Amino acid sequence: MQSLALWHYRRPFRAPMPLRSRRQALLLPARDGLLLAWRVADRQLWTEVAPLPLFSQESLADAQAALLALMRSADILDVGQLALRYPDHATGLPASVRYGLETGLAWLSTPTTQPKDKFEFSPQLCGLALPGTAQTSAFRVVKQKIDGVDFNQDCQRLITAVAQLSPGQRLRIDCNRSWSLAQAIQALSPLPVAQIDYVEEPLEAMSLRQCRALHRATGLPLALDESLRVAKGDLTGSALDRLSPEQLCACGVRALVIKPMLTGFRTTQALLELCTRRPLQAVLSSAFESSVALNHYWQLARLYRLSAAQGLATACFFADAEPDPLGTLVLPPGLTHVADLF
């Protein structure tokens with residue numbers, strides 16, 4: 001028996017989620033996404049397709065339309081045909097659709113290596129503090145987001161965030177490309193290097209040259225996120241792979257923050273492999289998906305034995321938050337059937 005069904009979920013946040021890209025801001029009341037239910041023989045698998053507003057190039061409607069069009073245009077009737085014909089259609093598919101399909105095809109074609117004990121290797125997690133919220137001491141590493149609206153307020157928020165660190169706790173700073181080089185140097189120079197894990201995407205114009213200048217001025221390690229998904233740039237995965245360890249060290253880039261839902265599964269694997277060849281930390285990061293995607297990320301972190309604290313502690317932001325969603329599949333409540341794809 002083979003089947004692939006499409007389902008929709010909607011999960012309200014405890015409070016509207018503030019999202020801010022370089023040019024736009026949004027208060028998102030709930031997270032909408034699609035789930036693919038795969039059944040092949042006696043195997044059942046769920047994967048997720050959930051573009052993130054403001055950050056994904058496609059909308060949820062775009063993703064759904066692309067899935068339906070792929071199945072109809074290619075006359076795909078089973079998993080075997082999908083696996084055979086997928087490479088011919090992958091290039092034009094949105095990243096979230098590629099993630100959902102590629103994850104399913106990979107998991108069904110390769111025997112899963114589930115741990116005997118979910119704590120056999122359990123990746124560390126990074127806590128998340130949104131703008132205007134206090135940090136939590138439950139995590140060894142915490143991530144503070146800034147909103148980029150008021151520069152002086154951002155600077156004060158960072159000073160406060162460092163002051164609130166517990167002994168041994170380290171801070172990550174997510175800037176969403178908010179600052180010019182001069183602003184970034186002014187905001188980051190007062191911070192103690194020893195307590196900063198990294199600064200993520202601080203500059204409006206991220207480039208190898210600007211990263212080198214910022215790192216030289218502050219001594220702080222940097223992390224890439226959006227830059228990895230720029231079609232043409234000198235900070236993409238392929239560009240970084242051409243740099244020597246000495247060049248990487250000079251520009252200050254120490255970590256790649258990889259959002260599989262915005263990247264696609266195969267590209268995520270390529271970036272993880274890059275981190276094994278270069279002195280780079282790999283951090284898999286949630287885009288506020290359901291526990292379906294979170295569990296796939298958690299399994300990837302286990303598979304690659306990622307030592308950095310992973311950005312997967314996001315279930316707590318939902319009104320229906322599960323107490324411990326990692327390691328156990330918990331489907332979102334109130335699923336709505338959309339279509340049977342085959």
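Here are a few things to note about the model shown:
- Beta bridges by DSSP in the stretch 201-321, antiparallel share as percent, to the nearest 5: 0 percent
- The per residue volume of the convex hull around the alpha-carbon atoms of the stretch 175-316 is 112 Å³.
- Charges were assigned to the Cβ only: +1 to each Lys and Arg, -1 to each Asp and Glu. The resulting dipole of the chain about its Cα centre is roughly 660 debye.
- When peptides 279-285, 226-232, 63-69, 150-156 are sorted by average Cβ neighbour count within 10 Å, with the highest value leading, the order is 279-285, 63-69, 226-232, 150-156.
- The Cα-based radius of gyration of the chain, divided by its Kirkwood radius, gives an Rg/Rh of 0.96.
- In nm, spacing of pseudo-spin labels at ARG216 and ASP88 (7 Å Cα→C-beta vector): 5.2 nm
- The stretch 137-252: relative contact order in percent, alpha carbon pairs under 8 Å with at least 6 residues between: 22 percent
- The residue list GLN310, LEU19, VAL97 was ranked by how far each Cα lies along the charge dipole of the chain toward its positive end, using unit charges on Cβ atoms, and GLN310 comes out on top.
- The packing ranking of peptides 173-180, 81-88, highest mean first, is 173-180, 81-88, where packing means the average number of other beta carbon atoms within 10 angstrom of each residue.
- Computed FRET value (nearest 0.05) for ALA231 with ARG209, which takes r as the C-beta separation and R₀ as 22 Å: 0.70
- Under 15 Å from the ALA106 label point (7 Å along Cα→beta-carbon), backbone N, the stretch 258-290: 258-276, 282-286
- 19 Å cut-off, amide nitrogen to a point 7 angstrom out along ASP62 Cα→Cβ, residues in the stretch 78-101: 89-101
- The residues of the chain present an accessible area of 43 Å² per residue when probed at 1.4 Å with all protein chains retained.
- Charge dipole (debye, nearest 20) of the stretch 169-301; +1 at Cβ of Lys and Arg, -1 at Cβ of Asp and Glu: 260 debye
- Crossing angle, helix 79-89 versus the chain [Cα axis fit, 0-90 degrees, rounded to tens]: 50 degrees
- All-pairs alpha carbon distance profile, the stretch 5-44, 10 Å steps from 0, percent: 24, 31, 25, 15, 4
- Each of ALA270, PHE342, ALA30 was scored by the projection of its Cα onto the charge dipole of the chain, and the greatest displacement toward the positive side belongs to ALA270; charges sit on the C-beta of Lys, Arg, Asp and Glu.
- Theoretical FRET efficiency, 1/(1+(r/R0)^6), r = Cβ-Cβ of GLU273 and ALA41, R0 30 Å, to 0.05: 0.50
- If R0 equals 41 Å, the separation of the Cβ atoms of GLN81 and ARG23 corresponds to a calculated FRET efficiency of about 0.50.
- Computed label-point distance, nm, for sites THR336 and ASP320 using a 7 Å Cα→Cβ extension: 1.3 nm
- Per-residue ellipticity at 222 nm computed for the chain from its helices equals -10000 deg cm²/dmol, with DSSP H segments shorter than 4 residues left out and the rest contributing -39,500 (n - 2.57).
- Of the solvent-accessible surface of the chain, computed with a 1.4 Å probe and all protein chains present, 53% belongs to carbon and sulfur.
The values are calculated or read from the model by the stated rules, or taken from the named source; none is laboratory data. Remember, predicted model here, so these are calculated numbers, not experimental data. Because the Cβ atoms are built from the backbone with ideal geometry, glycine has one as well, and the counts that use them run over all protein chains shown. Areas reflect the complete protein model, heavy atoms only, side chains present, ligands, DNA and RNA absent. Shrake-Rupley method; radii C 1.70, N 1.55, O 1.52, S 1.80 Å.
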